[in-house]
Amino acid sequence: MNKEVESDVLRKRAAVTMEQVKTREKARDRDILRGMSDDREKGRTSELDELINEWIQIKKELQELNSTHSELVFDRQEFVRKTGAIVDETDIPLDMKQELMMAFLKSLPLGPDKTGKPGQQLVIEGDVLMEYVENIVHDFDFPTIRKQDVTEQFRKLVREKSGKATAKASLTAKQESLQERIQAIVDDADIPDEQKEIYHQLRQVERGTPLSNTVRVLLSRDGKKSSGEVFNPWGLTINQNRHVVVCDYRYGDSDDGSVKTVTADTAQILTSVTVHGLPHNFKPYDTKMADNGDYYTADNGNQCIVVSDAKSEVKQIIAMGKLKYPTGVFVDKDRNVFIADYGADCVIKCNGDGDIISSQQLSKPWSLTMNSKYQLIVSCQGDVNCIYVLDSNLEILNQFGSDHLVYPWGVTVDNADNIYVADAWKIVKFDRQGEYQETVTVDGNPYYIAVFTDGRIVYSDYSDSTVKVIYK
């Protein structure tokens, strides 16, 4: 089974590489379009670039409007009435509606006087309000889709109260008008139809801005492109000392892989942990570090999670013989271990003793991480290429990203719980609710990913076996 799964992974990588070639061909065609020699066409190309730049600016403004952050001012009685309307419209039993409404009245930040008397104002930030709402509905035992309904209705209330709904409608209309003008110019251009298709649906804008001039190679296979050498970099994370921890996978039945700790600025390899004494060769796919410095590594050679210290001493083996193809791992503050088992189509939770305590069936889960609310973020490549959000008991809370993802590999979050996904020839960013934010294209195929507190993005690139850092 392990060989079959590995073959499937390699097949997907090959497909991604072909997509990358097509993308480069489209970029070359774009250069041809912009280099038309006719004076009239040069003028239209200049106009086209101006319109696209304006389109990009509007898109950025729309992304900012998607945030709920704003100061809201409610009359308290008005706020209680609107909350009641949201609860009343929710498709849950009557007794649960009453309990939910009481929970809102007790927990929402209404101030010391919760009587709802008219004339008394409630002033609150939109993000704070949404956090209260999410925390309240999380504790109720009704379907996830109903919880999402409640949350979305409150989010709509925030946007309406802050005046964002009107602004968003205006910007959206302007964006659609610009898109029509852009396509009209392209349709009128004296170029082959296949080149015109490049601009339709604004593909070159949707894929973001290439950042090749801000990318630094941290590690490479031969060491010539960097001061650090790595054979086959896969899973990675950032430890408490702001060093990059990388899984160096090795093919072949006679070679052990290793987990390397590398300085982000000088690419100096500080430690290289290779685990011996296991039934099969150590094949690290992904790793995370606990706060005591132990490595929790998804080992595909032995199909288990290996817990080891910085001296390569094995301290614990988790789920030996119970995993098929572990590709992602995460350990929380209580030493609970979460595993993405790509081969078994499931996410597994183990306690500190290594006992499996729960699981969730997901189609081809690859990578996982955890946000500040102790929710698990999982990338999946199966029936739907998307991101799932699970609670700490592995119950599904949300699903998003299928419109923007091709082959989601690694996933991580930043300090604000924004979600970054390594995808085919690009990195896609979503906000903490799963709303699309932006796409940045990269020269290569990002595999696993992590984000520094200062916004730098580090990723392993399997197209050229390097670890790279994007400086923003």
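The values are calculated or read from the model by the stated rules, or taken from the named source; none is laboratory data. Computed from a prediction, not measured in an experiment: that's the story for all the values here. Here Cβ is always computed from backbone atoms with ideal geometry, including for glycine, and neighbour counts include all displayed protein chains. Side chains included, ligands, DNA and RNA excluded: accessible areas come from the protein's heavy atoms. Shrake-Rupley method; radii C 1.70, N 1.55, O 1.52, S 1.80 Å.
A 1.4 Å probe run over the protein chains yields, for the stretch 248-288, 43 Å² of accessible area per residue, whole-number rounding. Across the stretch 391-472, the fraction of Cα-Cα pairs farther apart than 20 Å, rounded to a whole number, is 30%. Taken about its Cα centre, the stretch 304-343 carries a charge dipole of about 60 debye when Lys and Arg each add +1 at the Cβ and Asp and Glu each add -1 at the Cβ. For the stretch 320-336, 3J(HN,Hα) computed residue by residue from phi via the Karplus equation (6.51, -1.76, 1.60; θ = phi - 60°) reads 4, x, 10, 10, 9, 7, x, 10, x, 8, 8, 10, 8, 5, 9, 6, 5 Hz, glycine and proline entered as x.
Surface composition of the stretch 278-371: carbon plus sulfur atoms contribute 42% of the solvent-accessible area (1.4 Å probe, protein chains only, all chains present). Peptides 415-428, 147-160 ranked from most to least packed, by the mean per-residue count of other Cβ atoms within 10 Å: 415-428, 147-160. Put simply, the amide H of Leu362, placed in the peptide plane, has neighbours under 5 Å in Cys346, Val347, leaving out anything fewer than 5 places away on its chain. Here's how it looks for Ser367: its modeled amide H is under 5 Å from those of Ser379, which are all 5 or more places away or on a different chain.
The chymotrypsin sites (Phe, Trp or Tyr not before Pro) of the stretch 280-384 that meet both conditions, a loop assignment by DSSP and at most 15 other Cβ atoms within 10 Å of the site Cβ, are Tyr374. Peptides 399-408, 86-95, ordered by how many other C-beta atoms sit within 10 Å of their residues on average, highest first, read 399-408, 86-95.
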